[in-house]
Amino acid sequence: MKNIKTFPEQKQNLPGNEHQMNPEPEIIRENYAGSGKLLGKVAFITGGDSGIGRSVAVHFAREGADVAIVYLKEDKDAKDTKAMVEKEGRQCLLINGDLKDEKFCKTAIKKCHTTFKKLNILVNNAAVQFPRNEIEKITATQLQKTFETNIYPYFYITKAALAFLKEGDVIINTSSVTAYRGSEHLADYASTKGAIVSFTRSLSGMLAKKKIRVNGVAPGPIWTPLIVASFDKLSDFGKDNPMERAGQPSEVAPAYVFLACEDSSYITGQFIHINGGELIGS
Ligand code: NAD
Ligand code: MG
């Protein structure tokens, strides 16, 4: 794992691009050995251009899956992710667009299915956050943008994907530690992450009869472009958990592999907490 104690003191004012991060996140451990756990599967990952989504794409590819990734505007990051997936010997379809638009969500799922002729793993993962320390500063416009980006597309994409998901397929939703303990500076974001927990639990019950499992991951502080783009002081990032450090995407994505493959066949409606040891209600 790369040295993560060398975070810069101040925000770098970057627009959330991974290729401009210093230090660059660790995407996959060099010694991560794939064992065909997802051989022949097709995965659709929102926000797959960078951070946790990119890492999930590369892990899935190493386990034998082809992937489609949706991203908003980070063309260079998306192309880099595609190259990483191809290096694993798998295909990567890039889909550029705004998940806030339900029509786009339908088209994106269709594109994936037309290209690969199937869809087995859906990872809802794209999000935005705008830190504000006082609730009075959370404008109606910001509130709307946070909810429209972070939770509405989980419904849009899932609805569209259900036309193709079959018995044995899975949905994995990205929440956050902030869903469980709240956040003083991310009240709107944390609220959307709480909604994702309730959505996951509701959907798991709805889809149990169809034998489609629905689970989630609740990460703590992870070194990704989202963090660099939104926080002013980076050197303390992740220091307030028992492990006193932030995590790398390479430490999060293996949980998505577990939830995507048969190893988790008796698990649905649950979350895996990857947060450096913070103990929270499940
Ligand atoms: P990231 O910025 O690398 O990934 C988020 C991606 O979402 C972006 O690359 C962007 O392309 C995409 N996106 C945002 N708005 C979009 C829109 N309207 N349409 C299409 N795509 C859009 O950041 P990340 O940290 O890897 O975030 C991934 C997930 O992990 C998010 O759900 C986030 O809430 C969650 N998470 C992150 C942390 C952390 O510390 N990094 C902690 C807890 C949870
Ligand atoms: Mg990005």
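Name the residue that is nearest to GLY16 (Cα to Cα), counting only residues in region 208-231 that are away from ligand 1 (no atom under 15 Å from the Cβ) and open to solvent by 10 Å² or more (accessible area, probe 1.4 Å). Don't jump to the end; show me each part of the working.
To start, the set of residues in region 208-231 that are away from ligand 1 (no atom under 15 Å from the Cβ) comprises 208-214.
Those still in the list that are open to solvent by 10 Å² or more (accessible area, probe 1.4 Å) too: 208-211, 213.
Details: ALA208: 37, LYS209: 40, LYS210: 38, LYS211: 37, ARG213: 32 Å.
Applying the filter and picking the extreme gives ARG213.
Just checking, does region 249-258 include any residue being part of a loop (DSSP other than H, G, I, E, B), within 29 Å of ARG132 (Cβ to Cβ) and open to solvent by 10 Å² or more (accessible area, probe 1.4 Å)?
The first filter runs over region 249-258 and keeps only residues part of a loop (DSSP other than H, G, I, E, B), leaving 252.
Filter again for within 29 Å of ARG132 (Cβ to Cβ), leaving 252.
Within this subset, residues satisfying the condition of being open to solvent by 10 Å² or more (accessible area, probe 1.4 Å) are none.
No; the residues of region 249-258 include none that is part of a loop (DSSP other than H, G, I, E, B), within 29 Å of ARG132 (Cβ to Cβ) and open to solvent by 10 Å² or more (accessible area, probe 1.4 Å).
Which ones in region 31-65 are of a type in the set (D, E, K, R) and within 11 Å of the chain's Cα centre (by Cα)? Give the steps one after another, and end with the answer.
Within region 31-65, the first condition is being of a type in the set (D, E, K, R), and the residues that meet it are 37, 41, 49, 54, 62-63.
Within region 31-65, ASP49, ARG54 meet the criteria.
In region 232-248, which residue that is surrounded by fewer than 20 Cβ atoms within 10 Å (Cβ to Cβ) and among the hydrophobic types (A, V, I, L, M, F, W, C) is farthest from GLU9 (Cα to Cα)? Let's see the steps before the verdict.
Looking only at region 232-248, we keep the residues that are surrounded by fewer than 20 Cβ atoms within 10 Å (Cβ to Cβ), and these are 232-237, 239-245.
Within this subset, residues satisfying the condition of being among the hydrophobic types (A, V, I, L, M, F, W, C) are 234, 237, 243.
Values: LEU234: 6, PHE237: 10, MET243: 20 Å.
Among those residues, the one meeting the criterion is MET243.
Quick one: what pairs do we get from region 203-228, first residue in contact (Cβ under 8 Å) with a residue 12 or more places away in the chain and farther than 17 Å from ASN125 by Cβ, second open to solvent by 30 Å² or more (accessible area, probe 1.4 Å) and within 16 Å of ligand 1 (Cβ to nearest atom), C-beta under 6 Å, 6+ apart or different chains?
VAL228/GLN12; VAL228/LEU14
Listed residues THR146, THR139, THR158; which is β-branched (Val, Ile, Thr), open to solvent by less than 90 Å² (accessible area, probe 1.4 Å) and over 16 Å from the mean Cα position of the chain (by Cα)?
On the way: THR146 fails: over 16 Å from the mean Cα position of the chain (by Cα); THR158 fails: over 16 Å from the mean Cα position of the chain (by Cα).
So the residue among THR146, THR139, THR158 that is β-branched (Val, Ile, Thr), open to solvent by less than 90 Å² (accessible area, probe 1.4 Å) and over 16 Å from the mean Cα position of the chain (by Cα) is THR139.
Among (1) touching a helix residue (DSSP H, G or I) at 6+ places or on another chain (Cβ under 7 Å); (2) outside any helix (DSSP H, G or I); (3) in contact (Cβ under 8 Å) with a residue 12 or more places away in the chain, which single condition is SER183 missing?
(3)
Using the structure shown, decide if VAL170 is within 10 Å of ligand 1 (Cβ to nearest atom) and open to solvent by less than 20 Å² (accessible area, probe 1.4 Å).
no
Tally time: how many residues in region 229-244 are more than 27 Å from GLU74 (Cα to Cα) and either in contact (Cβ under 8 Å) with a residue 12 or more places away in the chain or part of a strand (DSSP E or B) (or both)? Walk me through it before giving the result.
Filtering region 229-244 down to residues more than 27 Å from GLU74 (Cα to Cα) leaves 239-244.
From what's left, either in contact (Cβ under 8 Å) with a residue 12 or more places away in the chain or part of a strand (DSSP E or B) (or both): 241-244.
Total meeting the criteria: 4.
The values are calculated or read from the model by the stated rules, or taken from the named source; none is laboratory data. The shown structure was predicted, so the numbers you read here are calculated from the model rather than taken from an experiment. Here the Cβ is made from the backbone with ideal geometry for all residues, glycine too, and neighbour counts use every protein chain on show. When the accessible area is computed, the model is the full protein with side chains, heavy atoms only, and any ligands, DNA or RNA have been set aside. Shrake-Rupley method; radii C 1.70, N 1.55, O 1.52, S 1.80 Å.
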